[in-house]
Amino acid sequence: MSDLGFDPSLKKKKKSKKTDESGESPAPESEGTPAVEDELFSGLKKKKKKSTKAFEMSPTPGEEDLSSSFDDLTLKKKKKKKSTKTTADDFEQQLEEAGIEEVPAEATEEDGNVSSGGFTYEELLSRFFTILKTNNPELAGDRSGPKFRIPPPICQREGSKKTLFANVQEIATVLQRNPEHLIQFLFAELGTSGSIDGEKRLVLKGKFQPKQMESVLRRYIIEYVTCKTCKSMNTELKRESANRLHFLSCKACGSTRSVSSIKTGFQAQIGRRKKM
Amino acid sequence: MSTIQNLTAFDPFADTGDSEAQPTNYIHIRIQQRNGRKTLTTVQGVPNEYDLKKILKVLKKDFACNGNIVKDDELGEVIQLQGDQRVKVSEFLTTQLQLPKKNIKIHGF
């Protein structure tokens, strides 16, 4: 136990900072995951919503691209006129001005061009997507097919100290994972132990709510199921026998990445001590 | 003349922050259930240059909980705290000790 590099002023700092920092940090803590999680579990609750949402979302990037390219066009024009005066700082303002002044004019031009064909860009885009969706929904980014719907975890209390996790097997098959791997992860993450009963349900020691199980499952899915490159959940976990590492290979895009093995870590001694 | 804005804005070779090299010295914050609705938080893998005893003293005072340091044969010294202090501990580690957030892993439900 050495004082190496430990800042003795640490304690004081904490005290002084405590008041103003207490309110800040907790919020960002929880921000990162929900978005991903919602995507993952949306199949459960708002399946219908999602498909429409994806559909509505997709046109927007295109539109933005267009408008930004307009901006670029207008910028160039502006610059030639006023380039003697401008500095980098003024440029921002000019950008705004240019956006307000000149874009409408160009937009009307553009509209004229498009409507001469009879369709606006948005109409064509939505038409394209409806056709694509009816013919091959997988290409339209509609991933709410039956394969990727994860059933919500069913937790029952068994006695007062144990929890029955009824549909592990089902979830594992949906995720295309070995149930043993999933169970191992659950044990490590929850810091408990348990067993599988006659009907292949998991009995966990300790009390756990379905909500808690869901958050752990989400973490499992992010770590061991989703492909980092294409976000697909159609993946396979392989164990390389040569180097004893686990590899996750994506069936959709073909990429592979290595996955850390499950480690239990430190387990504190709870309850009665070992008899010496 | 630094007027070509859309060229200067993005440097493709700049460090993106999410480096591929994963840190191996993770700090694991875990939770364990005890009897009833009581829990225990364990903090494993705090770098050696920090004095665990002093950290523990601050943590105990700030979180108003008891705690102690447990020596483990493989994992070194581990801080134990009473109750669910996971979020608070990670906040403390990032703000006070300036540890990068990606090195901290919170386990448990």
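Out of A:195, A:241, A:215, A:258, I need the residue that is more than 14 Å from residue A:176 (Cβ to Cβ), out of contact with any Cys (no Cβ under 8 Å at 6 or more places or on another chain) and surrounded by 14 or more Cβ atoms within 10 Å (Cβ to Cβ). Which one?
Sole residue among the options that is more than 14 Å from residue A:176 (Cβ to Cβ), out of contact with any Cys (no Cβ under 8 Å at 6 or more places or on another chain) and surrounded by 14 or more Cβ atoms within 10 Å (Cβ to Cβ): A:215.
Determine which single condition residue B:5 fails, assuming it passes every other condition in (1) at the interface with another protein chain (Cβ under 10 Å from one of its Cβ atoms); (2) more than 23 Å from residue A:189 (Cα to Cα); (3) surrounded by 13 or more Cβ atoms within 10 Å (Cβ to Cβ); (4) at pLDDT 85 or above.
For residue B:5, the failing item is (4).
Determine, yes or no, whether residue A:219 is touching a residue at least 24 places away in the same chain (Cβ under 8 Å) and within 10 Å of chain B (Cβ to nearest Cβ).
yes
Please give the number of the condition residue A:264 fails out of (1) closer than 28 Å to residue A:191 by Cα; (2) surrounded by 13 or more Cβ atoms within 10 Å (Cβ to Cβ); (3) at pLDDT 85 or above.
(3)
Determine whether residue A:198 is under 30 Å from residue B:35 (Cβ atoms) and touching a residue at least 40 places away in the same chain (Cβ under 8 Å).
Details: under 30 Å from residue B:35 (Cβ atoms): yes; touching a residue at least 40 places away in the same chain (Cβ under 8 Å): no.
No.
Restricting attention to strands (runs of 3 or more DSSP E) lying wholly within segment B:23-109, give those where 1 or more residues are facing chain A (nearest Cβ under 7 Å), buried (at least 20 other Cβ atoms within 10 Å of the Cβ) and not basic (Lys, Arg).
B:27-33, B:39-44, B:76-82
Name the pairs whose Cβ atoms lie under 7 Å apart, with the first residue in segment B:19-38 and closer than 18 Å to residue B:105 by Cα and of a type outside the set (Lys, Arg), the second surrounded by fewer than 20 Cβ atoms within 10 Å (Cβ to Cβ) and at pLDDT below 80, and 6 or more positions between them or separate chains?
If the second residue must be surrounded by fewer than 20 Cβ atoms within 10 Å (Cβ to Cβ) and at pLDDT below 80, the pairs left are B:32/A:268; B:32/A:270.
Checking residue A:157 against (1) touching a residue at least 24 places away in the same chain (Cβ under 8 Å); (2) in a strand (DSSP E or B); (3) more than 14 Å from chain B (Cβ to nearest Cβ), which test does it fail?
The number of the failed condition is (3).
The values are calculated or read from the model by the stated rules, or taken from the named source; none is laboratory data. In this text, all values refer to a predicted model and were calculated from it rather than measured experimentally. Positions of Cβ are generated from backbone atoms using ideal geometry, with glycine treated the same way; all protein chains shown enter the neighbour counts.
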